[in-house]
1. When residues of the range 26-35 are filtered for being of a type in the set (A, V, I, L, M) and at pLDDT 90 or above, how many remain?
2. Scan the range 63-91 for residues that are among the hydrophobic types (A, V, I, L, M, F, W, C) and in a helix (DSSP H, G or I) and jot them down.
3. List the number of the failed condition for residue 89; all other conditions in (1) touching a Ser or Thr at 6+ places or on another chain (Cβ under 6 Å); (2) at pLDDT 85 or above hold.
4. Please work out if residue 69 is over 23 Å from residue 123 (Cα atoms), free of Cβ contacts under 8 Å to residues at least 60 places away in the same chain, surrounded by 10 or more Cβ atoms within 10 Å (Cβ to Cβ) and not hydroxyl-bearing (Ser, Thr, Tyr).
5. So is residue 22 over 26 Å from residue 129 (Cβ atoms), of a type in the set (Ser, Thr, Tyr) and in a helix (DSSP H, G or I) or not?
6. Can you find a residue in the range 48-62 that is in contact (Cβ under 8 Å) with a residue 24 or more places away in the chain, closer than 15 Å to residue 168 by Cβ and part of a helix (DSSP H, G or I)?
7. Looking at the structure I just gave you, is residue 44 under 30 Å from residue 140 (Cβ atoms), without any contact (Cβ under 8 Å) to a residue 24 or more places away in the chain, out of contact with any strand residue (DSSP E or B) (no Cβ under 8 Å at 6 or more places or on another chain) and assigned to a helix (DSSP H, G or I)?
Amino acid sequence: MYGWVTALSVWALPALLAGILSVALVRRVSVYEAFVEGAKEGFGTAVAIIPHVVAMMVAISLFRASGALDLLVSLFRPLTELLRVPEEIVPLAFLRPLTGSGALAYMVDLFQAHGPDSLIGRMASTIQGSTDTTFYVLAVYFGAVGITRVRYALTVGLLADLAGIAAAIWITNRVFG
């Protein structure tokens, strides 16, 4: 039934690369030099965001090590019990807008403790796919290009994260709960 999907997925990347090379050939673009120039720009961007990444990593480590995350989870316990949200999911909901790697590490811990096919594992996976690292994006990418007024982007990003988390919990409970 899904044989065409498998075939498409196997050939998608080679077809995309062939298409890019074909367009470059028709436009007489020197592919190697363009690639090297892009790599130089990418390296410069990576160097520019390093201080922002380090600052975010330190802040997140302090947030977790200080016990603030545990305190936040305990404050939301009555609401999570009322909404039938597993307590183990709450730290992920707080970590995901802050850090992708921290949230991923926490999700792997949930997989090891409960299994990826458990309700908690499926809910964690759905939250990972339904949300973004809002604070990371604002701190690193906006900071790297010098954008300092982030109020509206922060509001929209956090509302989108909240909607993604709520939808992930609701859908996972409906489908697998």
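1. Total satisfying the criteria: 1.
2. Correct list: 63, 65, 68, 69, 71, 72, 73, 75, 79, 82, 89, 90.
3. Result: residue 89 fails condition (1) only.
4. no
5. Yes; evaluated as a whole, the condition is true for this residue.
6. Scanning the range 48-62, I find no residue that is in contact (Cβ under 8 Å) with a residue 24 or more places away in the chain, closer than 15 Å to residue 168 by Cβ and part of a helix (DSSP H, G or I), so the answer is no.
7. For residue 44, the condition - under 30 Å from residue 140 (Cβ atoms), without any contact (Cβ under 8 Å) to a residue 24 or more places away in the chain, out of contact with any strand residue (DSSP E or B) (no Cβ under 8 Å at 6 or more places or on another chain) and assigned to a helix (DSSP H, G or I) - is met.
Rundown of residues vs (1) at pLDDT 90 or above; (2) within 19 Å of residue 160 (Cα to Cα); (3) over 14 Å from the mean Cα position of the chain (by Cα); (4) not acidic (Asp, Glu), yes/no style:
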| site | (1), (2), (3), (4) |
| --- | --- |
| 80 | no, no, yes, yes |
| 97 | yes, yes, no, yes |
| 114 | yes, no, yes, yes |
| 129 | yes, yes, no, yes |
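The values are calculated or read from the model by the stated rules, or taken from the named source; none is laboratory data. Just so you know, these numbers come straight off a predicted model, no measurement behind them. Note that each Cβ is placed from the backbone with ideal geometry, even for glycine, and that neighbours are counted across all protein chains shown.
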